[in-house]
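In what follows, a single structure is set out as structure tokens and then discussed.
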Amino acid sequence: MNRLITTVICSLVGINSMLAVDPSRPKIVVGIMVDQLRTDYIESLQNLFGEKGFKKLMREGAFLKNVDFKVGGLDRASGTAMVYTGSYPRQNGVASSMVYDPLRQTMVAALNDPSTIGNFTTETFSPAGLRFSTVSDEIAIDGAGLAAVYAISPDPQQAIIMAGHAGNSAFWINDNTGKWATSTYYRESPKILTQKNYSNSITSRIDTMKWKPALPISSYPGLPAQKRMHDFEHKFSLADRDVYKMYASSPLVNTEVTDVAIDYLKDLSIGRRGDVIDMLNVAYTAAPYKYVGDGDYRLELEDSYVRLDGQLSRLFDAIDKYVGLDNAVIYVASTGYYDDAVIDDPKYRIPTGDFSVKRALSLLNSYLSAKYGNGDYVDTYSNNHVYLDRKQIEERNLDLRIVAQEARDFLVRMSGVSDAFTMGDIMTSTLPGMEALRLSTDPKTGGDIVLEFNGGWRVVNDTKFPEEVKVVRSGMALTPAFILGGGVAPQIVETPVDATALAPTITQVLRIRSPNGAVAKPLPLQKK
């Protein structure tokens, strides 16, 4: 009997020691990605911010002013993948949101996975195409399967990347229905969002939403006189087929994301489940609002930052209320690019022109047909990449490398094209000027020829309906990151920081492994 009692007591002691909380470890990690976040806007608008959002991050955390992503052609998915894996697009499987599927000879979403089923969407996504582990995955592994990892984003692939392979749940806003959607890949579907879709959906509210300046127009700095004459007001009508895309591009979506994040903190016990580190991933937008009538979105952009500061404050207050900020590590990062391109009014006489993708591919195919015999040598185009029909070329016993070189030499002479490279050019060049293109181009999914266009030109992809128009502009801007908590001392880092160093730095702060594809060392941040 005594032996039995002793055994039970020892067992209880063992269980209690397992459940005891290590005070040196955070209880929650909050990862925040902000699409197209810029350092200069944060600094120039800080007098309009409250004390508990951006100012708190700058005052109490590590403020990295110049995070260098080194590569061009980034978008929301590829920039997020760089931050979460610590690796470059050519390596991690997400070179851009859309990639070429050679089996189906068509462009597909980078993380498209037909083996899954969408909930509240027909979209099928999973992280199977993401080749490396992420910060989220390493947190899940550190918790031996007990850690909870959630992700919320307006964008599906960003949500998937942030949740990682081992996450519990990833939710995003469906562009066609406005419902919060997810994938059957993930094992958990919080009732909070299911109920929200039925009882308080975005669709039921969107017609009543209005976006007007949060402050008097006179408060916003650096605006020309004509922008100070009238308040803007943007409405979201269900009669517009792009209504949910417009909504997801506006700062109003940030409020919705914060609402869901606070519900998660309140109802899912995140950060309150013993000696494990839970993770909540949240995505916001600070992108230029391209749906303005006159093409000048400066006032809207400044207002977006003011509103984003308010949402960060709300989120930080909720973390403090439900978990405690002393128990949290929070990091904020930009997606690393800035797309401010709009067509300039002709009255300014800026050199420009239209590059018709359909015409270019047709002329290229005619040129190759004249050289090698009639046939369809050109397959498709996407995001500056031209894909040749490799099956056709192989059937004619042609050398793909030579055909690609011929295509490159033909395309580079077209109006609007500033340069063209074959995949061989990109992968074999050791020139410093080619490094950015090499790091951003995945040889497994990239095109046979990659084009660069003159600034100011419009690239019109009229092979699609509706046609896609992209104005070419070099939108270089300083992008920031912040790390708050985990013993990191307040500091400002002015020198450039490689974006691939963020993931290993965050995991070092947490004292866990880096993602398995990380290519940089952790930053030597000052400690308290």
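Points to keep in mind about this one:
- Residue check, residue 445 within 30 Å of residue 112 (Cα to Cα), at pLDDT below 95, under 21 Å from the mean Cα position of the chain (by Cα) and buried (at least 19 other Cβ atoms within 10 Å of the Cβ): yes
- For the condition open to solvent by less than 30 Å² (accessible area, probe 1.4 Å) and over 22 Å from residue 78 (Cα atoms), residue 503 does not qualify.
- Scanning the range 305-343 for residues that are part of a helix (DSSP H, G or I) and more than 26 Å from residue 251 (Cβ to Cβ) yields 326, 327.
- Residue 302, sole failed condition from (1) open to solvent by less than 70 Å² (accessible area, probe 1.4 Å); (2) of a type outside the set (A, V, I, L, M, F, W, C); (3) in a loop (DSSP other than H, G, I, E, B): (3)
- Within the range 262-297, tally of residues that are charged (D, E, K, R), open to solvent by 20 Å² or more (accessible area, probe 1.4 Å) and within 22 Å of the chain's Cα centre (by Cα): 1
- Pairs with Cβ under 9 Å, 6+ apart, first in the range 255-275 and at positive phi, second of a type in the set (A, V, I, L, M, F, W, C) and in a helix (DSSP H, G or I): 271/265; 271/319; 274/18; 274/19
- Boolean, residue 479 is over 17 Å from residue 386 (Cα atoms), at pLDDT 95 or above, touching a Ser or Thr at 6+ places or on another chain (Cβ under 6 Å) and assigned to a loop (DSSP other than H, G, I, E, B): yes
- In the set 218, 204, only one residue is closer than 30 Å to residue 170 by Cα, more than 26 Å from the chain's Cα centre (by Cα) and in a helix (DSSP H, G or I); that residue is 204.
- Of the residues screened, residue 464 is not one that is modelled with pLDDT under 95, part of a loop (DSSP other than H, G, I, E, B) and closer than 17 Å to residue 90 by Cβ.
- Qualifying residue in the range 415-425 (condition: surrounded by fewer than 15 Cβ atoms within 10 Å (Cβ to Cβ), at pLDDT 95 or above and in a loop (DSSP other than H, G, I, E, B)): yes
- Some residue of the range 307-327 being closer than 21 Å to residue 158 by Cα and open to solvent by 50 Å² or more (accessible area, probe 1.4 Å): no
- First in the range 381-409 and touching a residue at least 24 places away in the same chain (Cβ under 8 Å), second anywhere and of a type in the set (Lys, Arg), Cβ under 7 Å, 6 or more apart: 400/390; 406/371
- Candidates 519, 493, 471, 497 - the one that is within 20 Å of the chain's Cα centre (by Cα), open to solvent by 20 Å² or more (accessible area, probe 1.4 Å) and β-branched (Val, Ile, Thr): 519
- Whichever residue in the range 344-397 is part of a helix (DSSP H, G or I) and among the basic types (Lys, Arg) and, among such residues, is surrounded by the most Cβ atoms within 10 Å (Cβ to Cβ): 390
- Residue ID - nearest to the chain's Cα centre (by Cα), chosen from residues in the range 24-47 that are open to solvent by 30 Å² or more (accessible area, probe 1.4 Å), farther than 28 Å from residue 74 by Cβ and not hydroxyl-bearing (Ser, Thr, Tyr): 27
- Against the test of being in contact with a Pro (Cβ under 7 Å, 6 or more places away or on another chain) and at pLDDT below 95, the options 344, 340 yield a single qualifying residue, 340.
- Those residues of the range 229-273 which are closer than 24 Å to residue 28 by Cα, out of contact with any Lys or Arg (no Cβ under 8 Å at 6 or more places or on another chain) and either modelled with pLDDT under 95 or outside any helix (DSSP H, G or I) (or both), in sequence order: 268, 269, 270, 273
- In the range 109-121, of all residues being without any contact (Cβ under 8 Å) to a residue 24 or more places away in the chain and surrounded by fewer than 16 Cβ atoms within 10 Å (Cβ to Cβ), the one that is farthest from residue 336 (Cα to Cα) corresponds to 115.
- Scanning the range 174-231 for residues that are closer than 19 Å to residue 153 by Cβ and small (Gly, Ala, Ser) yields 178, 181, 183, 189, 201.
- Residue count, the range 45-70 (criterion: among the aromatic types (Phe, Trp, Tyr) and farther than 19 Å from residue 498 by Cα): 2
- Here residue 140 clears all of (1) surrounded by fewer than 23 Cβ atoms within 10 Å (Cβ to Cβ); (2) over 17 Å from the mean Cα position of the chain (by Cα); (3) of a type outside the set (Phe, Trp, Tyr) except the condition numbered (1).
- Residue match in the range 221-237 (condition: closer than 30 Å to residue 328 by Cα and open to solvent by less than 20 Å² (accessible area, probe 1.4 Å)): no
- Filtering 178, 164, 129, 145 for residues that are without any contact (Cβ under 8 Å) to a residue 40 or more places away in the chain and surrounded by 16 or more Cβ atoms within 10 Å (Cβ to Cβ) leaves a single hit, 129.
The values are calculated or read from the model by the stated rules, or taken from the named source; none is laboratory data. Treat the numbers as computed from the prediction; the structure is a model and nothing was measured. Neighbour counts are summed over all protein chains in view; Cβ atoms, including those assigned to glycine, are modelled from backbone coordinates with ideal geometry. Just so you know, the surface numbers come from the protein's heavy atoms only, side chains and all, with ligands and any DNA or RNA stripped out. Shrake-Rupley method; radii C 1.70, N 1.55, O 1.52, S 1.80 Å.
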